[in-house]
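I have placed the structure first, in the form of structure tokens, so that the comments after it can refer back to it.
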Amino acid sequence: MTSSLANTEKRYLFIKTYGCQMNVYDSNRMTDILTPLGFEITEDLEKADLAIYNTCHIREKASEKLYSDLGRVKPFKKKKIENGKDMLIAVAGCTAQAEGGEVMRRAPYVDMVFGPQSYQNLPEMIARAMREKETRDNPALRGAGILNVDFPTQPKFDDLPEMNKVEGASAFLSIQEGCDKFCHFCVVPYTRGAEYSRPVKSVMDDARRLSDLGVKEVTLLGQNVNAYHGATLDGSGEIPLGQLIQEIAEFDQFEIIRYITSHPNDVTQDLIEAHRDVKKLSPYLHLPVQSGSNRILKAMNRKHTRNEYFKLIDQFRDARPDIAFSSDFIIGFPGESDQDHRDTLDLIRHVGYAQAYSFKYSMRPGTPAASSEFQIEEAVKVQRLSEVQALLDEQKMAFNQKCVGQEMTVLFERKARHEGQLSGRSPYMQSVYVQANERLINQVAPVRIVGCGNNSLTGEVIITDN
Ligand code: SF4
């Protein structure tokens, strides 16, 4: 870190996060790195000395959104320069990793472009950007030109500062990163690199910190979280996710444990048993299947069949009868026939989801599916997506209705819009609204569900201390 950055002068950091929870986690960790350097978070772009866009590359829309946001920040930077100051603009995350050169070409006023494996080097990159600009006679609107998209051999987790702050009572804990699966539609193996599991010790150290900070709900994060195989405390072997969950559950402070995102091929017996044995583990599993057609699953390189997926669903249901599922679906993957589409609808009917995410297939440059000659017409994709979404919406409503009359534990997060109302989350990730004293915010309490809508539940708190 350079002395120019280690001063106490207040600077403002604007950070915008696109995409998945991994990015939310990464943005929080970037904030942890920058806070000791005098940066304070602002939501006012005009005030920002550093604007970071932490990007997603999973769908085309997400990258286009970045370019439109970069267009919006440019006048603020220009104004700062006219006033004799400057603003550093950084693009981080998966779009940066996948198309860093293109970002710099389309938005040459961007100063730093760096991938998800590099943000531990943020202080050095900022110092370099500042040095680079100080040496110019006329900084104009040209960026500092720092491009950092290497995959370091040293895992980034080793270089991150300790987590020292959390908002509310819920926190993410990243335990695994990267992926070796190479599904034919996905850029993650190219943007996040090879699969890496954090050693148990470093995960447990972070868990202890979160527990000390008062966290009640911890979500274990990873691109392929159930591929987890972290080195044991004594370094003599590795433990899988199910066992790690058992260890994390030992912290009395944690009342709710979740994990995301799983791959069907990495489901192991110990994970199913964790759902049976660990009461704190939410009875809710996001288990993406992407398609209900064996032919398309093969073309996607998913390496499992629909029957194998059904078998897993049954095993989880046997272990934990109140478990509910969500999934991701890609509609209109190259070569998808009407029969493949019907197979997807059939799979959805067979499983019965509490909710699920579905998207039209969009080409990601560099992935095998992008070069397929069997791309599906847009109108067909739109039609199929609307059929899938109608069925998923129907199932979501049916699931919400089934919740009415049940008792569930809810973590209350904030005041809701209506006077005296609080909003929280059910074990199944539904929003739950109750009339209750705001002292319940950041607390977990039992709630009886008395009503539902398409996207939320209403309930009554069963026991409170007020
Ligand atoms: S399992 Fe497939 S979809 Fe998931 S991150 Fe890896 S390559 Fe992407």
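The values are calculated or read from the model by the stated rules, or taken from the named source; none is laboratory data. Here the structure is a predicted model, which means the values were calculated and not measured. Positions of Cβ are backbone-derived with ideal geometry, glycine not excepted, and every protein chain shown enters the neighbour counts.
Brief remarks on what is shown
- Candidates Arg29, Arg59, filtered to the one that is assigned by TED's automatic domain parsing to the domain that holds Leu141, of a type outside the set (Val, Ile, Thr) and within 25 Å of Gln290 (Cβ to Cβ): Arg59
For every residue, the table says whether it meets (1) farther than 21 Å from Gly214 by Cβ; (2) assigned by TED's automatic domain parsing to the domain that holds Arg349; (3) within 25 Å of the chain's Cα centre (by Cα); (4) modelled with pLDDT of 95 or more.
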| site | (1), (2), (3), (4) |
| --- | --- |
| Leu392 | yes, yes, yes, yes |
| Ala416 | yes, no, yes, no |
| Gly420 | yes, no, no, no |
| Gly424 | no, no, yes, yes |
| Tyr428 | yes, no, yes, yes |
| Tyr433 | yes, no, yes, yes |
| Arg439 | no, no, no, no |
| Ser456 | yes, no, yes, yes |
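- The one condition in (1) away from the ligand (no atom under 16 Å from the Cβ); (2) at pLDDT below 95 that Glu217 fails to fulfil: (2)
- When Lys47 is tested against (1) at pLDDT 85 or above; (2) more than 24 Å from Glu167 (Cα to Cα); (3) over 26 Å from the mean Cα position of the chain (by Cα), exactly one condition is not met: (2).
- Remark: Lys16 falls outside the filter, which requires a residue to be part of a helix (DSSP H, G or I) and crowded, with 16+ Cβ neighbours inside 10 Å.
- Among residues that are under 23 Å from Gly335 (Cα atoms) and more than 16 Å from the ligand (Cβ to nearest atom), Asn294 is included.
- Unique match (being at pLDDT 85 or above, within 16 Å of the ligand (Cβ to nearest atom) and not aliphatic (A, V, I, L, M)) among Ser202, Ser197: Ser197
- Segment 182-194, subset in a loop (DSSP other than H, G, I, E, B) and within 6 Å of the ligand (Cβ to nearest atom), residue surrounded by the fewest Cβ atoms within 10 Å (Cβ to Cβ): Phe182
- In the set (1) closer than 30 Å to Gln290 by Cα; (2) touching a Ser or Thr at 6+ places or on another chain (Cβ under 8 Å); (3) of a type outside the set (Asp, Glu), the condition left unmet by Gly38 is number (1).
- Residue check, Ala171 more than 16 Å from the ligand (Cβ to nearest atom) and modelled with pLDDT of 75 or more: yes
- Scope segment 222-253; condition crowded, with 23+ Cβ neighbours inside 10 Å, outside any loop (DSSP other than H, G, I, E, B) and within 16 Å of the ligand (Cβ to nearest atom); matching residues: Val225, Asn226, Leu241
- Residue-level analysis places Lys381 among those that are of a type in the set (Lys, Arg), touching a residue at least 40 places away in the same chain (Cβ under 8 Å) and not assigned by TED's automatic domain parsing to the domain that holds Glu60.
- Residue in segment 79-122 that is surrounded by the most Cβ atoms within 10 Å (Cβ to Cβ), counting only those that are in contact with a Leu (Cβ under 6 Å, 6 or more places away or on another chain) and assigned to a helix (DSSP H, G or I): Thr95
- Being over 16 Å from Gln315 (Cβ atoms) and among the acidic types (Asp, Glu) holds for only one residue in Glu238, Glu273, and it is Glu238.
- Test: residue in segment 306-326 that is within 16 Å of the ligand (Cβ to nearest atom), crowded, with 18+ Cβ neighbours inside 10 Å and assigned to a loop (DSSP other than H, G, I, E, B): no
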